[in-house]
Each structure stands twice: as structure tokens, then as C-alpha cells.
Amino acid sequence: MTGAGGPKPKAVQVADALRKDIEKMKPGDKLPSQRELIDRFGFASQTVQNGLALLRAEGAIVSAGNLGNFVSDGAPTSDVHDDIKDLRSRIDELADRVAALEKRPDSDGA
């Protein structure tokens with residue numbers, strides 16, 4: 001953690017610089033590639049990825065996988081990881097219910 005007025009983490013520096021760039025861009029415009037951002041900032045790949053993750057979390061950009069990162073149109077996006085967690089939770093719940101039903105004796109006496 002940095003003190004007041006101390007240097008910002010590198011990922012935050014990346015996000016701050018890109019946020020300024022994004023202000024001049026239109027929704028749907030493509031951001032520079034990760035390789036270009038690494039060259040621009042001189043930071044490690046993971047640091048650049050973390051900076052991009054901050055912007056995605058804010059909703060400023062959206063990722064299109066291998067196609068790159070694009071300026072968001074401001075529409076809310078669903079978090080795929082949260083969706084997967086929710087689905088796993090529901091599957092686990094259903095599996096528990098099926099297991100309980102399979103342990104129950106038949107009610108018709110067969």
C-alpha cells in the first residue's frame with residue numbers, strides 16, 4: 001500500500017493513462033494490443049493485464065478475447081466468472097437433491 005502522495009502501483013498507472021486515452025475515443029474503438037502496451041509502458045505483461053482488468057472492472061472497456069480490448073459503450077456487462085459460479089452452485093444444489101431422492105425408499109412399495 002502506498003502512502004499519500006506515494007507512487008501509484010504500476011497497474012494503476014497503466015489504467016490511469018489508458019483512461020485518458022479512452023476519453024478521446026469512441027465506443028467500439030480498439031485499444032492498442034497488449035504487446036504495444038508493454039512496449040509503451042515498459043512494464044511486464046501481467047502488469048499491463050492487471051491495468052486492463054481494472055478498466056474492465058470499471059466497465060470502461062470490454063474484452064473480445066483474442067480480438068483485443070475495446071472501448072465500452074457504457075452498457076452493463078455480465079461478469080462471466082460470477083455467472084459460472086452461479087451455475088456451479090445451482091448444479092451442486094441439483095446434485096444434492098438428486099442424491100437425496102435416490103436415497104429415499106420408493107413410496108409405492110415396489
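Here are a few things to note about the model shown:
- Qualifying residues in region 31-71 (those that are open to solvent by less than 50 Å² (accessible area, probe 1.4 Å), of a type outside the set (S, T, N, Q) and assigned to a helix (DSSP H, G or I)) - the one nearest to ARG19 (Cα to Cα): LEU55
- The set of residues from region 3-30 being in a helix (DSSP H, G or I) and without any contact (Cβ under 8 Å) to a residue 24 or more places away in the chain comprises ASP16, LYS20, ASP21, GLU23.
The values are calculated or read from the model by the stated rules, or taken from the named source; none is laboratory data. Computed from a prediction, not measured in an experiment: that's the story for all the values here. Ideal geometry is used to build each Cβ from the backbone, glycine not excepted, and the neighbour counts take in all protein chains shown. Heavy atoms of the whole protein, side chains included, go into the accessibility calculation; ligands, DNA and RNA do not. Shrake-Rupley method; radii C 1.70, N 1.55, O 1.52, S 1.80 Å.
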